[in-house]
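Take a look at the structure below.
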Amino acid sequence: MNKNKRVLVLGCNFAGLTFSRYLHSRAKGKADITVIDRKNYINFIPNIPIEVFNNHNPADTLEFSFQKHLRRDGTSFVQGEIEAIDPDQKKVYFTPNERKGAAQESLEYDYLVIAVGCKLAFDKIEGFAEYGHTFSDTFYGNEVRDYLFNQYKGGPIAIGSDRFIQGKSPKLPNIPTAFAACEGPPVELAFSLADWLEEHDKGDASKITVFTPAEVIAEDAGETILNQLLPMMTEMGYGYKKATIGIKRLYKEGIEFKDGTSLEAEMKIIFPNWEPHDFMKGQPFADDQGFVVTDLYMRNPDYPEIFAVGDAAAITVPKLGSLGHMECEIASEVLANELQGQSNEHVKPLHPMVVCFGDMGSHKGFYMHTDEWWGGKTSILKMGYTPYILKMGFKTMYQTLGGKIPGWGMPMSELLGDHSII
Ligand SMILES: Cc1cc2nc3c(=O)[nH]c(=O)nc-3n(C[C@H](O)[C@H](O)[C@H](O)COP(=O)(O)OP(=O)(O)OC[C@H]3O[C@@H](n4cnc5c(N)ncnc54)[C@H](O)[C@@H]3O)c2cc1C
């Protein structure tokens with residue numbers, strides 16, 4: 001009889017795929033892994049803007065199938081809509097979604113790994129459908145592409161975030177509070193869009209205003225980096241608006257903020273609140289918003305058979321794929337050791353930090369490596385050709401290896417990023 005433990009992974013984008021692949025290689029045949037997702041491909045979100053600015057459909061190069069990688073590992077894949085989790089019965093309810101009309105099914109687990117990301121709550125922003133733009137998926141990326149290449153009249157552009165509502169729970173490790181979910185992308189877009197405007201003779205950085213609900217944009221970049229970045233952006237001509245509290249509504253000519261002010265903008269590029277999915281809200285293993293409570297080993301303190309990785313985990317702040325990656329390394333090691341009856345004493349807890357490669361247009365990029373926001377001393381900002389090459393290289397490596405970045409992948413990127421000068 002098969003005595004392997006049943007590991008059920010919910011979600012198969014960055015965190016779900018990487019976790020499943022790492023667990024397969026580390027558990028040495030001791031886990032029967034099943035993955036559920038509503039779609040059977042990865043959407044490589046961070047590179048959508050690069051494709052859009054090159055007038056390419058992001059779907060052509062950024063959606064790639066993961067099934068062959070799972071199949072090779074012997075991991076089962078179920079395509080369906082996850083609808084409920086019953087942590088006491090150790091059961092997950094889902095509806096297969098290949099065809100309409102399927103009946104709800106359930107799967108039981110010994111271990112549950114939650115990697116379902118978040119809902120990006122554009123639907124909570126009045127006027128977004130009529131007047132908003134964003135880059136968070138292929139559909140929205142293509143809308144921006146069409147607007148920029150066919151309709152843009154040369155007016156002002158606003159780029160920024162709505163207020164993020166971070167969850168609270170007395171059981172969470174101590175982490176700082178963020179007012180925006182992920183402000184690397186707005187900063188990145190400010191640079192790459194200014195480059196696009198110049199390339200297409202439509203203006204420059206002075207057309208763009210970046211805004212934030214917080215006292216300072218990209219606060220998780222830490223003070224040292226911000227003291228370099230913000231004066232540089234001002235010198236380049238960007239407008240900057242802080243402490244908006246949040247977005248009240250979008251209208252044709254601009255944005256109205258919750259602090260009572262407004263901003264004129266022909267294009268309004270928005271990053272919304274990252275909100276937990278409805279089926280996560282009110283769960284006994286979640287915080288007051290619906291993010292999964294974990295310790296620094298990505299395990300829930302009340303339901304030790306439940307782990308979370310990526311944006312769905314409460315301690316993933318900011319909501320950054322590179323943080324999720326570090327969490328997958330830790331959670332897969334902890335679970336693999338446990339399945340093999342080995343000690344976890346040597347496993348190091350999560351040491352959160354921002355590691356980020358951003359596009360600046362014209363084949364240049366920026367690199368940030370910092371843990372200052374969490375009280376650490378690392379703070380590195382570099383700009384030049386190397387960060388762009390590393391960003392593109394990471395995508396190729398991720399796609400080729402099906403999310404299974406080798407152990408040296410991240411340290412090597414950090415080494416190159418920290419020490420490169422162009
Ligand atoms: C424009 C943009 C640029 C970004 N750039 C960067 C960057 O440069 N670097 C970086 O580190 N991070 C970046 N991020 C953040 C990064 O994309 C996220 O942190 C990352 O996608 C989180 O991965 P995840 O697997 O946790 O969640 P997701 O990528 O959201 O994946 C969740 C998965 O769960 C599935 N799922 C959800 N609900 C259900 C359900 N009910 N039933 C079935 N399946 C379900 C989804 O289909 C999806 O496959 C960027 C984000 C945006 C929007």
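Which residue, of ALA214, ALA178, ALA205, ALA194, is assigned by TED's automatic domain parsing to the domain that holds GLU264 and either modelled with pLDDT under 95 or within 16 Å of the ligand (Cβ to nearest atom) (or both)?
None of the others qualify; the one that does is ALA178.
Among the residues of segment 265-274, is there at least one that is of a type in the set (Asp, Glu) and without any contact (Cβ under 8 Å) to a residue 12 or more places away in the chain?
Within segment 265-274, none of the residues are of a type in the set (Asp, Glu) and without any contact (Cβ under 8 Å) to a residue 12 or more places away in the chain.
Say we look at segment 89-113 and pick out the residues that are of a type in the set (A, V, I, L, M) and exposed (fewer than 14 other Cβ atoms within 10 Å of the Cβ); which of these is farthest from the ligand (Cβ to nearest atom)?
Restricting to residues being of a type in the set (A, V, I, L, M) and exposed (fewer than 14 other Cβ atoms within 10 Å of the Cβ), the top hit is ALA103.
For (1) under 30 Å from MET233 (Cβ atoms); (2) in contact (Cβ under 8 Å) with a residue 40 or more places away in the chain; (3) surrounded by fewer than 17 Cβ atoms within 10 Å (Cβ to Cβ); (4) in the same structural domain as PHE307 (by TED's automatic domain parsing), each residue gets a yes or a no:
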site	(1), (2), (3), (4)
ILE330	no, no, no, yes
LEU335	no, yes, no, yes
GLU345	no, no, yes, no
LYS348	no, no, yes, no
GLY358	yes, yes, no, no
GLY361	yes, yes, no, no
MET368	yes, yes, no, no
TRP373	yes, yes, no, no
LYS377	yes, no, yes, no
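Enumerate the pairs (first residue in segment 102-130 and on the phi > 0 side of the Ramachandran plot; second residue anywhere and in a strand (DSSP E or B)) with beta-carbon separation below 6 Å, excluding pairs fewer than 6 apart on the same chain, so at least 6 apart or on different chains.
Listed by first residue and then by second, the contacts come to GLY127/ARG249; GLY127/LEU250; GLY127/TYR251.
Of the residues that sit in segment 329-356 and are under 24 Å from TYR109 (Cα atoms) and either within 12 Å of the chain's Cα centre (by Cα) or of a type in the set (D, E, K, R) (or both), which one is nearest to the ligand (Cβ to nearest atom)?
GLU329
Give segment 114-127 a look and list any residue that's more than 11 Å from the ligand (Cβ to nearest atom) and buried (at least 21 other Cβ atoms within 10 Å of the Cβ), or say none.
Matches in segment 114-127: ILE125 only.
Given LEU189, LEU172, which one is part of a loop (DSSP other than H, G, I, E, B), assigned by TED's automatic domain parsing to the domain that holds VAL216 and closer than 25 Å to LEU323 by Cα?
Within the list LEU189, LEU172, the selection yields LEU172.
What about VAL116, is it touching a His at 6+ places or on another chain (Cβ under 9 Å), among the β-branched types (Val, Ile, Thr), at pLDDT 95 or above and closer than 20 Å to ARG21 by Cβ?
Considered against the rule, which asks whether it is touching a His at 6+ places or on another chain (Cβ under 9 Å), among the β-branched types (Val, Ile, Thr), at pLDDT 95 or above and closer than 20 Å to ARG21 by Cβ, VAL116 comes out as yes.
Within segment 301-317, which residues are more than 9 Å from the ligand (Cβ to nearest atom), assigned to a loop (DSSP other than H, G, I, E, B) and crowded, with 24+ Cβ neighbours inside 10 Å?
ALA314, VAL317
For segment 355-365, check the following and say yes or no: at least one residue is on the phi > 0 side of the Ramachandran plot, in a loop (DSSP other than H, G, I, E, B) and polar (S, T, N, Q).
Taking every residue of segment 355-365 in turn, at least one turns out to be on the phi > 0 side of the Ramachandran plot, in a loop (DSSP other than H, G, I, E, B) and polar (S, T, N, Q).
If the requirement is being within 16 Å of the ligand (Cβ to nearest atom) and modelled with pLDDT of 95 or more, which of these qualifies: MET326, MET392, MET397?
After ruling out the rest, the residue left standing is MET326.
Whether any residue in segment 259-268 is within 16 Å of the ligand (Cβ to nearest atom) and more than 19 Å from GLU83 (Cα to Cα) is what I want to check.
yes
Pairs only if they're at least six apart or on different chains, beta carbon under 7 angstrom, first in segment 4-16 and in the same structural domain as TYR111 (by TED's automatic domain parsing), second near the ligand (Cβ under 10 Å from one of its atoms) and of a type in the set (Phe, Trp, Tyr); list them, first residue then second.
So the pair list comes out as VAL9/PHE19; CYS12/PHE66.
Identify all residues within segment 273-323 that are polar (S, T, N, Q) and modelled with pLDDT of 95 or more; write none if there are none.
Matches in segment 273-323: ASN273, GLN283, GLN289, THR294, ASN300, THR316.
Quick one: which residue in ASN55, ASN43, ASN142 is assigned by TED's automatic domain parsing to the domain that holds GLY16, among the polar types (S, T, N, Q) and at negative phi?
Step by step, each of ASN55, ASN43, ASN142 is checked, and only ASN43 is assigned by TED's automatic domain parsing to the domain that holds GLY16, among the polar types (S, T, N, Q) and at negative phi.
Among the residues of segment 103-140, how many are assigned to a loop (DSSP other than H, G, I, E, B) and closer than 26 Å to VAL309 by Cα?
Qualifying residue count for the region: 12.
Which residue, of VAL35, VAL52, VAL9, is of a type outside the set (S, T, N, Q) and farther than 28 Å from ARG299 by Cβ?
None of the others qualify; the one that does is VAL52.
Can you tell me which condition GLY11 does not meet? The list is (1) surrounded by 15 or more Cβ atoms within 10 Å (Cβ to Cβ); (2) on the phi < 0 side of the Ramachandran plot, and all the others hold.
Checking GLY11 against (1) surrounded by 15 or more Cβ atoms within 10 Å (Cβ to Cβ); (2) on the phi < 0 side of the Ramachandran plot, the one that fails is (2).
The values are calculated or read from the model by the stated rules, or taken from the named source; none is laboratory data. Bear in mind that the values here come from a model prediction, so they are computed numbers and not experimental data. Neighbour counts run over all protein chains shown; Cβ positions are idealised from the backbone, glycine included.
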